[in-house]
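Here's the structure, in structure tokens; my notes come after.
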Amino acid sequence: MLDEILTNNQRFLQNTTLPHIGHAPRKHTAIVTCMDCRLVNMFEDALGLQRGDVVELRTAGATISTPERAQAANDLIRSLAGSIYLLGVRRVLVIGHTECGLSKVSPVALTASMQALGVDPQQLIEKEGLGDVNGLVNWLGAFSDVHLNVKEVVNVIRSSPFLPKIPVDGLVIDINTGKLTPVDI
């Protein structure tokens, strides 16, 4: 895979000259969305976004795991703070998507995958004080309803003491069609 990426990069460099653009997003917006590989290219096209328009923050599930919500001080909040205070972001959109892998996490499959890759789930559960395998699933950020998850993440961002009071909206994008649906907050 690395060789393929490096070859593609060489071809890109031979055929493309990128214009210089500033690092502050033109639309003064940060978008929190999922890291799902099915969103690559489709997401920006569905929203009509171009390079330099917005700051995109991608996390598993476009979420903040349940244990981190109370403090509202995780990496996502820090990244939003940097975007707001240093890059001029004045609006945040949280965009989850249908058929998200974190909406259907199987504790059995999760622990089996961890064990197969040499990680002891029980050791992680104990080290992080997660209690049991359900705590591990929560630590990962799993949820059952994407609309509810988006609503909760919007509320965590809105109530974070580290962020100013700026507009924060939630949407869900259909992974198969690209249709956006606003989430009632």
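With each label modelled as a point 7 angstrom along the Cα→C-beta vector, the GLU126-ASN9 pair spans 4.1 nm. The residues PHE12, PHE162, PHE43, when put in order of fewest to most other Cβ atoms within 10 Å, stand as PHE12, PHE162, PHE43.
Take every DSSP beta bridge whose two residues both sit in the chain; close to 15 percent of them are antiparallel.
Binning the C-alpha pair distances of the range 1-128 at 5 Å intervals from 0 yields a P(r) profile of 2, 8, 13, 15, 17, 16, 13, 9, 6, 2, 0 %, listed from the shortest bin outward.
Phi-derived couplings, Karplus 6.51 cos²θ - 1.76 cosθ + 1.60 at θ = phi - 60°, listed residue by residue for the range 168-185: 10, 10, x, 9, 10, 9, 6, 5, 9, 10, x, 5, 9, 10, x, 9, 5, 9 Hz, with x used for Gly and Pro.
Shown for the chain: lysine pairs separated by 8 or more places, or found on different chains, whose C-alpha atoms are under 21 Å apart, numbering 5. The slack in the chain from ALA24 to SER113, taken as 0.36 nm per residue of separation less the alpha-carbon distance, amounts to 28.1 nm.
Since every read-out is calculated from the coordinates, none of them should be taken as a lab result. The structure presented is a predicted model; accordingly, all values stated were derived computationally and were not measured. Virtual Cβ from ideal backbone geometry, glycine too; neighbours counted across all protein chains shown.
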